[in-house]
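Working notes, beginning with the structure itself.
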């Protein structure tokens, strides 16, 4: 089983930013990727049709971000556009920044078959015998 982490790219080209090395952390409003820390995962672009796996990366240990000031200091690493729905909001309280380590783009992106879903955050992908 390989985890597939969904990265919504409808508001910004986050997967392109990850592949280029510009975006070095993935952020979430809850610690939803904590169980994946230290594991290589597939990164799937979502928000523009069916998920497409475009890269893999090792998920680092979550960095809790507890203030707008800390969030702003990480802006160049998370690449979240200011004022977007993913930006720091009044009352955010905490966000989690996961370092993306050893990113490897795929020469041939693919749409994975449905697997066991863990909300809209990630799913379990099991390669079939042909894969």
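The values are calculated or read from the model by the stated rules, or taken from the named source; none is laboratory data. Since the structure is predicted, the reported quantities are computational estimates derived from the model, not experimental observations. Here Cβ is always computed from backbone atoms with ideal geometry, including for glycine, and neighbour counts include all displayed protein chains.
Tabulated values for the structure
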item	result
Scan of region 105-125 for residues that are in contact (Cβ under 8 Å) with a residue 24 or more places away in the chain and surrounded by 12 or more Cβ atoms within 10 Å (Cβ to Cβ), ordered by number	105, 106, 109, 110, 112, 115, 118, 121, 122, 123, 124, 125
Count of residues meeting criterion [surrounded by 14 or more Cβ atoms within 10 Å (Cβ to Cβ) and under 17 Å from residue 121 (Cβ atoms)] in region 24-39	9
Some residue of region 75-88 being touching a helix residue (DSSP H, G or I) at 6+ places or on another chain (Cβ under 6 Å), farther than 24 Å from residue 1 by Cα and not in a strand (DSSP E or B)	yes
Residue under evaluation residue 18, criteria (1) farther than 16 Å from residue 95 by Cβ; (2) surrounded by fewer than 20 Cβ atoms within 10 Å (Cβ to Cβ), criterion not met	(2)
Residue 5 vs. criteria touching a helix residue (DSSP H, G or I) at 6+ places or on another chain (Cβ under 9 Å), under 25 Å from residue 127 (Cβ atoms), surrounded by fewer than 20 Cβ atoms within 10 Å (Cβ to Cβ) and touching a residue at least 60 places away in the same chain (Cβ under 8 Å)	no
Wholly within region 1-53, strands (runs of 3 or more DSSP E) carrying at least 3 residues that are within 20 Å of residue 110 (Cβ to Cβ)	2-8, 40-46
Members of region 63-91 found to be under 22 Å from residue 13 (Cα atoms), touching a strand residue (DSSP E or B) at 6+ places or on another chain (Cβ under 8 Å) and either at pLDDT 95 or above or loosely packed, with under 11 Cβ neighbours inside 10 Å (or both), listed by number	71, 74, 77, 78, 80, 88
Qualifying residue in region 94-104 (condition: surrounded by fewer than 16 Cβ atoms within 10 Å (Cβ to Cβ) and out of contact with any strand residue (DSSP E or B) (no Cβ under 6 Å at 6 or more places or on another chain))	no
